[in-house]
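Please read the structure below before turning to the comments.
The values are calculated or read from the model by the stated rules, or taken from the named source; none is laboratory data. The shown structure was predicted, so the numbers you read here are calculated from the model rather than taken from an experiment. Every residue, glycine as well, gets a Cβ built from its backbone with ideal geometry; the counts of neighbours run over all protein chains shown. Please note that ligands, DNA and RNA were not included when accessible areas were found on the heavy atoms of the full protein model with its side chains. Shrake-Rupley method; radii C 1.70, N 1.55, O 1.52, S 1.80 Å.
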Amino acid sequence: METKVYQTDQLHEAAEKLKKGELVAFPTETVYGLGANALLPEAVKQVFAVKGRPSDNPLIVTVADFTMVQDYVDNFHPLTKKIVENYWPGPLTLIFTIKKNSLPSVVTGGLSTAAFRMPANKKTRELIKLAGVPLVGPSANTSGKPSPTTSEHVYHDLKGKIAGIVDDGAASIGLESTVLDLSDSNKAPVILRPGAITQEDLSKLLGVTVALDGHLIRENEAPKAPGMKYKHYAPDTKVLLVKNNDWEKAKVWVKENHLRAGVLAGPTISEKMRYDTACVFMYSKDTAESAAKGLFAGLRALDNKALNLDVILAEIYPEEGIGAAYMNRLKKSASQHYFTPEN
Ligand code: TXA
Ligand code: MG
């Protein structure tokens with residue numbers, strides 16, 4: 001199959017493909033999504049097939065407006081209005097209990113709940129309107145690999161397997177949306193996956209401490225956001241997290257062991273490591289926002305086989321604000337491994 005790259009003035013063509021049950025990737029402010037008509041089970045099955053995604057991991061239903069959600073949900077959590085008014089469209093996915101059999105079970109993994117998201121990207125909302133149906137929208141990468149933040153990343157993973165990709169440049173946030181569970185009206189909302197809308201943001205808006213559950217999930221535990229249990233964001237090259245005071249020691253370790261090391265960090269650390277490592281992927285600034293935006297692109301760039309790296313050394317940030325989401329993804333890509341001088 002030829003994978004066509006559509007510009008944002010070719011949305012009609014892309015929407016026609018989606019209506020027919022073909023797969024088209026779309027841009028969002030978080031990462032690129034792999035779109036398919038959420039009401040056609042055959043199309044949705046293809047999404048699992050091309051990503052290599054386990055079928056018990058439910059998909060996000062991507063909508064153009066809140067009215068679209070009301071077709072599938074009639075029992076909303078009392079805080080829904082406040083949250084939607086503040087953060088939709090935006091990088092926040094909401095889990096609701098759905099009307100029985102209103103969505104194909106292949107979308108929900110057979111659960112009585114479903115995840116909904118209204119992305120900020122206007123062109124993508126227009127695409128959904130033109131298609132006239134909600135689109136499933138998991139990240140448009142091969143399952144387990146870093147999520148795609150550019151159309152080139154999508155093309156690299158899925159070329160020949162999907163009908164098209166709508167290109168709208170690099171994602172502005174770079175990490176997937178915050179997932180907030182609102183499925184039980186009698187319970188306080190819980191964050192199942194940290195993202196750009198932070199625990200601090202939601203707690204402030206709602207006047208309660210919103211718990212963060214997703215990152216605590218361990219192996220063998222039934223996770224609330226099923227996707228959190230799988231191996232994730234993992235490049236083939238080993239990744240080590242480096243604490244801020246350990247970069248000098250890391251330099252010595254790389255040299256003594258004759259390693260080809262790559263560095264993933266902001267300007268300050270990158271400059272310090274530049275001449276002692278094989279290559280550097282520099283975030284544009286020394287901020288957690290900038291690190292979040294560059295993380296997946298950096299992991300992909302440094303994992304390039306041509307570089308033949310032994311190890312990727314990555315900068316860490318305090319787990320607050322968007323730093324919590326950055327560290328959640330980075331720790332998974334490193335399987336929680338930190339650099340220690342004895343490594
Ligand atoms: O930013 C994003 O959310 C991107 C863009 C493309 O919209 N999409 C995305 O989709 O990250 P995906 O499929 O990679 O992640 C969806 C997450 C998974 O962890 C999944 O397990 C969880 O949402 N999820 C989906 N339905 C759920 C449900 N009913 N209950 C709990 N978690 C659910
Ligand atoms: Mg994903």
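Taking θ as phi - 60° and the Karplus parameters 6.51, -1.76 and 1.60, the scalar couplings of region 54-66 work out to x, 6, 8, 9, x, 9, 7, 9, 9, 10, 8, 7, 5 Hz in sequence order, x denoting glycine and proline. Taking the charge dipole of the chain about its Cα centre, with +1 at Lys and Arg Cβ atoms and -1 at Asp and Glu Cβ atoms, the residue from LEU192, LEU180, PRO104 reaching farthest to the positive side is PRO104.
Where nothing but the Cβ of Lys and Arg (+1) and of Asp and Glu (-1) is charged, how large is the charge dipole of region 238-333 around its Cα centre, in debye to the nearest 20?
On the way: 15 positive and 12 negative charges, 63 e Å.
Taking the Cα centre of region 238-333 as origin, the dipole is about 300 debye.
Accessible area of region 4-212 with a 1.4 Å probe: how many percent of it is carbon plus sulfur? On region 4-212, the fraction of accessible area on carbon and sulfur atoms equals 50 percent. Placing pseudo-labels 7 Å out from each Cα toward the beta carbon at SER105 and ASP65 gives an inter-label distance of 3.4 nm. Entry comment: accessible area of region 1-116 is 43 Å² per residue, from protein heavy atoms only and a probe of 1.4 Å. Entry note: the chain has Rg to Rh equal to 0.98, where both radii use alpha-carbon atoms and Rh is the Kirkwood radius. Once both labels are positioned 7 Å from their Cα atoms along Cα-to-Cβ, the gap between GLN336 and LYS19 label points is 5.0 nm. For the chain, the longest principal axis of the alpha carbon atoms and the long axis of helix 247-256 meet at an angle near 60°. Taken about its Cα centre, the chain carries a charge dipole of roughly 460 debye when the Cβ of each Lys and Arg holds +1 and the Cβ of each Asp and Glu holds -1. Against the chain, whose longest principal axis comes from its Cα atoms, helix 41-51 is set at around 0 degrees.
The H on the amide N of ALA25, modeled in the peptide plane, is under 5 Å from the matching H of GLY35, GLY164, ILE165, VAL166, each at least 5 residues off or on a different chain.
Working from Cα positions, state the angle (0 to 90°, nearest 10) between the long axis of helix 288-302 and the longest principal axis of the chain. That works out to roughly 80 degrees. Computed from phi, the 3J(HN,Hα) profile of region 178-183 under the Karplus parametrisation 6.51, -1.76, 1.60 (θ = phi - 60°) reads 5, 9, 10, 8, 10, 6 Hz, with x in place of Gly and Pro. Selection among LEU11, VAL61, THR149 by position relative to the dipole of region 4-212 gives VAL61 as farthest towards the positive end (Cβ unit charges, Cα centre).
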